Amino acid sequence: MYGHIRYHGINIAFESFGDESTEVIILVAGLGSQMISWSDSFCQNVVSRGYRVIRFDHRDVGCSSHFHDSPVPNMGEVNKAMLANRQPDVPYTLDDMAGDLIGLMDALSITAAHFVGRSMGGMITQIIAAHHPERVLSLSIIMSSSGNPSLPQTTSDVMALMTQPAPNPFLNEPEYINHRLRQAERLAGKVYPFDAERCRSQFKEELRRCFNPEGFARHMAALVVSGDRRALLARIAAPTLVIHGTDDPLFVPSHGEDVAINIPGAEFMLIDGMGHDIPNQLNILVTDAIVQIAQCRHQNSA
């Protein structure tokens, strides 16, 4: 089922898979990513384990509301303000994006759910689990970070590639797709073969659904101003699994370790060879891990 809900004047697009009478697993995408970054096959793997799955477009991407009237943040000024311990003026924050997800749950009459967040999506789920513990049955945080400023920063070459402006797809679609493929291959790690055709198909579908590069910049600003979330992590009570790859070039494994260390009772799963992506070869392994932590909720309440 595909649909939209409206929350505080914002349209949020979503898609639901599976039996609506079963427990819900909500998949939360990363920075600038559309809901289809969670592939149909991944969603169906989770459904086959007895869950209803919901994926959705964050504000400012995909088929959800775009913030065209909001300025594109100057990241130099945002970073300068953060270094000076001043709160930068940004269009919205990760807390606002977490609020969108609570609004989606309310609109769909979902009292509580299991959350799975990747990268920035993992940060959003951290905020929800800390501020809305009654809405979270379990938490799986994949390739994410605590925001601890002492952790290793992304190397300059990776950051340069990820923030390099993309060619205009309406002027040269093949070059735009190739640009996205270069980024994806760099993030994917080197152990599992890079599936260029899978990525190419996804990027073309994303382009068909929406092209809003300014949304990426506003997401980036929201992520940066989120800052250090370790105090929030200490408040999380839900059964939590932190999954990270040994070959993640965006957030090296110590980022995932720090998330797990700061969440009471969290488990840490380090996957050899995984980069900042979930290749098809790891879909079953990751699904099994998510379901196992979801089942801890029943074991803990027994």
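Data for the structure
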read-out: Theoretical gain in end-to-end length, Ser70 to His4 [0.36 nm per residue, Cα-Cα removed]; value: 21.6 nm
read-out: Span-rule helices in the chain, defined as complete DSSP H runs reaching 24 Å or more along the axis (Cα) with Kyte mean at least -1.0; value: 283-301
read-out: Protection proxy ranking of 9-19, 68-78 - average other beta-carbon atoms within 10 Å, highest first; value: 9-19, 68-78
read-out: Local electrostatic count at His8 - Lys and Arg +1, Asp and Glu -1, tallied over other residues with Cβ under 12 Å; value: -1
read-out: Fluctuation leader among Leu233, Leu241, Leu270 - the chain, Gaussian network, Cα springs under 10 angstrom; value: Leu270
read-out: Cα-centred dipole magnitude for the chain, charges only on beta-carbon of K, R (+1) and D, E (-1), debye, nearest 20; value: 140 debye
read-out: Label point at Asn172 placed 7 Å out along Cα→Cβ; residues across segment 206-242 whose backbone nitrogen lies under 12 Å; value: none
read-out: Cβ-based net charge around Ser201, under 14 Å, with every Lys or Arg adding one and every Asp or Glu removing one; value: 0
read-out: Peptides 124-130, 84-90 ordered by average Cβ neighbours within 10 Å, highest first; value: 124-130, 84-90
read-out: Percentage relative contact order, segment 116-244, counting C-alpha pairs under 8 Å, at least six apart; value: 42 percent
read-out: Other-chain or far-sequence residues with amide H under 5 Å of Ile243's (modelled H); value: Ile141, Ile142, Met143, Met269
read-out: The chain: antiparallel DSSP beta bridges as a percent of all, rounded to 5; value: 30 percent
read-out: Cα centroid of segment 251-271 to Cα centroid of segment 109-127, whole Å; value: 16 Å
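Bear in mind these aren't lab numbers, they're just calculated from the coordinates by the rules spelled out. In this text, all values refer to a predicted model and were calculated from it rather than measured experimentally. Neighbour counts are summed over all protein chains in view; Cβ atoms, including those assigned to glycine, are modelled from backbone coordinates with ideal geometry.
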